[in-house]
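The values are calculated or read from the model by the stated rules, or taken from the named source; none is laboratory data. These numbers were taken from a predicted model, which means no experiment stands behind them. Glycine gets a Cβ as well: all are built from the backbone with ideal geometry, and neighbour counts include every protein chain shown.
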Amino acid sequence: MKVTQIPFKDTGFFSTTMLDYLEQKEEIQSFYNNFPDSLGFHNQIEQKENAHSLQSRLVLVGALKKQYTNVEVSDKTQENIELLKLKNTFTITTGHQLNLFTGPLYFLYKIICAINLAEELSQKFTDKNFVPVYWMATEDHDFDEINYFNFEGKKVQWSRNDGGAVGRFSTEGLDAVLAVFSTQLGGSKNATYLKELFSKGYLKHNNLADATRYIANELFKEYGLVTLDGDDAALKQLFIPFIKDELENQTSYKQVSKTITSLKENYKIQVNPREINLFYLSKNSRERIVFEDGVYKVNNTSITFSKSEILEAVEENSLDFSPNVIMRPLYQEVVLPNICYLGGGGEIAYWFELKAYFEKVNIPFPILLLRNSVQVVSEKQQKKLHNLGISHEELFLKQHKLLSKKVLENTAIEIKFKEKINYLESQFSELKEVAKQTDISFINAVSAQERKQVKGLENLQKRLIIAEKRRQKDLVERITALQNELLPNQSLEERQRNFSEYYLAFGDNFIKALKESLKPLDLAFTVLEL
């Protein structure tokens, strides 16, 4: 195993928002609280310690013990649950949808980063405890986003009727999915483990939340991971004051809208708030709550409430009220003694919209940490990269740029177009100085001629590259095939592949290699050679 780190910006796959955050640029500093460094964690711990009550901790631990009733809990996970009762214990949290069989690879990267960060902070702050938490997005209702995973370029999909919170979905029908998946796996020892994991997860549990908890626990229990389902009556009780505030005052809409006005001056907005950022949950639906003509209505239903009725409903049945993408982060931070949220670029970007909202409702805004991203490279693939003269940084170039660069490096033709263009521009620079002594029409004529000549050289370069690509057909095909293999669909593989492909090849050593190599506070992209 060999680990190489390269800057996120060198991959071309990360937004200006994320790159500016990593560089702590002034334009983005007002949208986050503490930065993920030693001082930031020290300050965050102090803020959260003073803000999170013992009663909240006891409710959390009680809910977790209930949720883990039928799960084989490791000693490490059990210890972490008990530690959450203590004032000096804090969580490192990541969240993810209930994707079928974990979905894309980055599910693993998120969780391992949370585990490794908890361990690293435990070494830095020896009088504190840190617990890694996976918050299951059980209340989501976007079934089309989670009902499949990719295996060796093919989609393994679960088809069923949609409706309601996905965590409550019955696992009925997943035996047919396993039958299809099993035929693709083969009969190796690692294949047998994957079949058993799928079978015990989905065929031995009645709903998707329990199945996902089982799978996450099986993969990470030795590291003490705690998996939490927010669709819980006891936990929702802690959130009642914020649900009521949302219904009465629309605080999230007002505060987030103000932030967006400022944030969009420099950055892309990820999500836009609604006037009420709550859903109403019933057995087979999760619909928006809207306020119209003095009445609270559940969208696409006949359910309505007066103000007093809906506030009474919150008190009596808080489980029926579900936060959307704007309020879910607040719910998480109310429930957990959390100091850091660890997520992908898109997730962290929408958290930047929320700081003023957190401040308004007096809940500490957590540290935001961009999770590690990983490119796995096999020994065989690394040898090919070496033979083709492709560095890890070059691997992430757009394919046409990579091919152009390599065919020019490999050509015997010694025409250095960049030097020619620079020389031409210097000649025209002298002409422009002369032109300044005449009139504007001559200056314009010189500039027009410069553009024409430079364009001509650029077109010649393009034609040379096209000709060289034809002449170096074998090289072009080898580079294209290798990059497509490493970056399926010209995208990061972590968004395309499922962990089962690598588990099939490497078994548990794959997870161990990730555990050893991911360094969340290094703030860099990881290339892992296996």
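Could you please give the count of residues in region 474-530 that are within 24 Å of LYS189 (Cα to Cα), polar (S, T, N, Q) and surrounded by fewer than 16 Cβ atoms within 10 Å (Cβ to Cβ)?
1
Would you check if there is a residue in region 28-38 being more than 23 Å from GLU120 (Cβ to Cβ), buried (at least 18 other Cβ atoms within 10 Å of the Cβ), hydroxyl-bearing (Ser, Thr, Tyr) and at pLDDT 95 or above? Outline the logic, then answer.
Here is the first cut: in region 28-38, the ones more than 23 Å from GLU120 (Cβ to Cβ) are 28-31.
Narrowing the set further to residues that are buried (at least 18 other Cβ atoms within 10 Å of the Cβ) leaves 28, 31.
Of the ones still in play, those that are also hydroxyl-bearing (Ser, Thr, Tyr) are none.
Checking region 28-38: not a single residue is more than 23 Å from GLU120 (Cβ to Cβ), buried (at least 18 other Cβ atoms within 10 Å of the Cβ), hydroxyl-bearing (Ser, Thr, Tyr) and at pLDDT 95 or above.
Anything in region 217-237 that is in contact with a Leu (Cβ under 8 Å, 6 or more places away or on another chain), of a type in the set (A, V, I, L, M) and surrounded by fewer than 22 Cβ atoms within 10 Å (Cβ to Cβ)? List them, or say none.
Listed by number, the residues that qualify are LEU219, ALA233.
If you go through region 437-453 one residue at a time, do you hit one that is charged (D, E, K, R), surrounded by 13 or more Cβ atoms within 10 Å (Cβ to Cβ), under 21 Å from GLN399 (Cβ atoms) and at pLDDT below 95? Spell out the reasoning first.
As a first pass, look at region 437-453 and keep what is charged (D, E, K, R): 439, 450-452.
Add one more test, that the residue is surrounded by 13 or more Cβ atoms within 10 Å (Cβ to Cβ), and what stays is 450.
Of the ones still in play, those that are also under 21 Å from GLN399 (Cβ atoms) are none.
Within region 437-453, not a single residue is charged (D, E, K, R), surrounded by 13 or more Cβ atoms within 10 Å (Cβ to Cβ), under 21 Å from GLN399 (Cβ atoms) and at pLDDT below 95.
Residues in region 255-278 that are in contact with an Asp or Glu (Cβ under 9 Å, 6 or more places away or on another chain), more than 23 Å from MET18 (Cβ to Cβ) and surrounded by fewer than 17 Cβ atoms within 10 Å (Cβ to Cβ): how many?
The number of residues fulfilling the criteria is 0.
Which one is surrounded by the most Cβ atoms within 10 Å (Cβ to Cβ), of the residues in region 87-112 that are of a type outside the set (A, V, I, L, M, F, W, C) and over 14 Å from the mean Cα position of the chain (by Cα)? Lay out the reasoning, then the answer.
Going through region 87-112, the residues of a type outside the set (A, V, I, L, M, F, W, C) turn out to be 87-89, 91, 93-97, 99, 102-104, 106, 109-110.
Narrowing the set further to residues that are over 14 Å from the mean Cα position of the chain (by Cα) leaves 87-89, 91.
Details: LYS87: 13, ASN88: 13, THR89: 18, THR91: 30.
Ranking the qualifying residues of region 87-112, first place goes to THR91.
May I ask you to verify whether ALA118 is in contact with a Phe, Trp or Tyr (Cβ under 6 Å, 6 or more places away or on another chain), part of a helix (DSSP H, G or I) and either surrounded by fewer than 22 Cβ atoms within 10 Å (Cβ to Cβ) or touching a residue at least 24 places away in the same chain (Cβ under 8 Å) (or both)?
yes
Let's see how each residue does on (1) within 27 Å of the chain's Cα centre (by Cα); (2) assigned to a loop (DSSP other than H, G, I, E, B); (3) without any contact (Cβ under 8 Å) to a residue 40 or more places away in the chain:
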position: GLN184; (1), (2), (3): no, no, yes
position: GLU218; (1), (2), (3): yes, no, yes
position: ILE243; (1), (2), (3): yes, no, no
position: ASN266; (1), (2), (3): yes, yes, no
